[in-house]
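Worksheet: the structure to be examined is printed underneath.
The values are calculated or read from the model by the stated rules, or taken from the named source; none is laboratory data. All values derive from a computational prediction rather than experimental measurement. Cβ atoms come from the backbone with ideal geometry, glycine included; neighbour counts cover every protein chain shown. Just the protein is used for accessible areas: all its heavy atoms, side chains included, with ligands, DNA and RNA removed. Shrake-Rupley method; radii C 1.70, N 1.55, O 1.52, S 1.80 Å.
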Amino acid sequence: KEALELKDTLELTPYFHLAPENIAWAQQWLIDKNLTKQLIGIHPGCMAKNKYRRWNKDYFVELITLLIHAINCDVVVIAGPDELDVGSYISEKTNTRLLTGAALSNVAAVIAKCSFFINTDSSLGHVASCFGVNSLTIFGPGDENQTAPFSENSHVIRHSIACAPCIGKKRKVCEVECLTRLKPITVFNEAMRLFPK
């Protein structure tokens with residue numbers, strides 16, 4: 001809490017060290033996958049125990065489709081072991097590249113190459129903030145005051161609802177309206193506003 005109160009006076013931007021071999025790996029991966037345009041990274045998942053924080057996979061499909069039609073870009077969907085099914089589904093539906101099974105340092109090197117990054121409330125948003133990548137984190141049940149990435153280029157989007165964030169105020173019946181009511185067009189419009197000119 002004290003750090004949050006002092007965040008405007010403290011240097012809180014995290015750091016991620018990339019070795020030359022990580023940078024070389026990412027460059028070669030991008031070449032191998034024929035990704036030559038502006039790159040948008042998408043991380044649609046999070047740890048399995050936090051699945052309730054995930055935005056609908058079909059919403060991601062719609063969002064990516066909107067982005068590809070609006071921007072001359074390539075898209076890479078990043079999926080770890082806990083969200084491989086979701087990442088594969090989105091990649092197949094949108095005909096985009098899937099990055100999975102790579103070491104975190106190599107994934108970080110690919111994220112560092114992104115012009116823009118969109119993620120759920122997960123650790124890869126923090127990785128993007130290490131490199132100053134313009135990013136948008138989708139929040140639902142989680143509290144962005146506790147877990148949002150620290151970077152002037154990191155932004156948060158949520159659908160305001162009385163019970164969210166729901167830490168400490170669980171409901172017996174929850175349909176995760178904080179996520180289901182956050183529509184792809186809303187996220188798209190915010191991404192377009194933030195996308196580097």
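Data overview
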item: Surface share of carbon and sulfur [accessible, 1.4 angstrom probe, percent] for the chain; result: 52
item: Positive-end residue of THR186, THR137, ALA24, charge dipole of the chain with Cβ unit charges; result: THR186
item: Amide hydrogen neighbours beyond the local backbone of LEU136, cut-off 5 Å, H modeled; result: PHE117, ILE118, ASN119, HIS155
item: Charge dipole of region 20-77 about the Cα centre (unit charges at C-beta), most positive-ward option of ILE71, LEU35, TRP55; result: TRP55
item: Estimated [θ] at 222 nm from DSSP helical runs (n ≥ 4, -39500 (n - 2.57)) normalised by residues in the chain, nearest 500; result: -11000 deg cm²/dmol
item: Kirkwood Rh, Cα atoms: Rg over Rh of the chain; result: 0.95
item: Prolate/oblate/rounded call for region 43-153, Cα gyration tensor, a/c under 1.5 rounded; result: rounded
item: Coil-residue trypsin sites (Lys or Arg not before Pro) of region 8-75, DSSP, other Cβ within 10 Å capped at 15; result: LYS33, LYS37
item: Net lengthening on full extension, GLN28/ILE68 (0.36 nm per residue, minus Cα-Cα); result: 12.1 nm
item: Compactness of region 91-167 as Cα Rg over 2.2 N^0.38 Å, two decimals; result: 1.19
item: Under 21 Å, Cα to Cα: Lys pairs in the chain, sequence gap 8 or more or different chains; result: 19
item: List GLU175, GLU144, ordered by accessible area with a 1.4 Å probe, largest first; result: GLU175, GLU144
item: ASP82-GLU21 pseudo-label distance in nm [points 7 Å out on the Cα-to-Cβ vector]; result: 2.7
item: Ordering of 60-71, 15-26 by burial proxy (mean other Cβ atoms within 10 Å per residue, highest first); result: 60-71, 15-26
item: Helix runs (DSSP H) in the chain reaching 30 Å along axis by Cα, Kyte-Doolittle at least 1.6; result: none
item: Protection proxy ranking, peptides 111-120, 146-155, average beta carbon neighbours within 10 Å, highest first; result: 111-120, 146-155
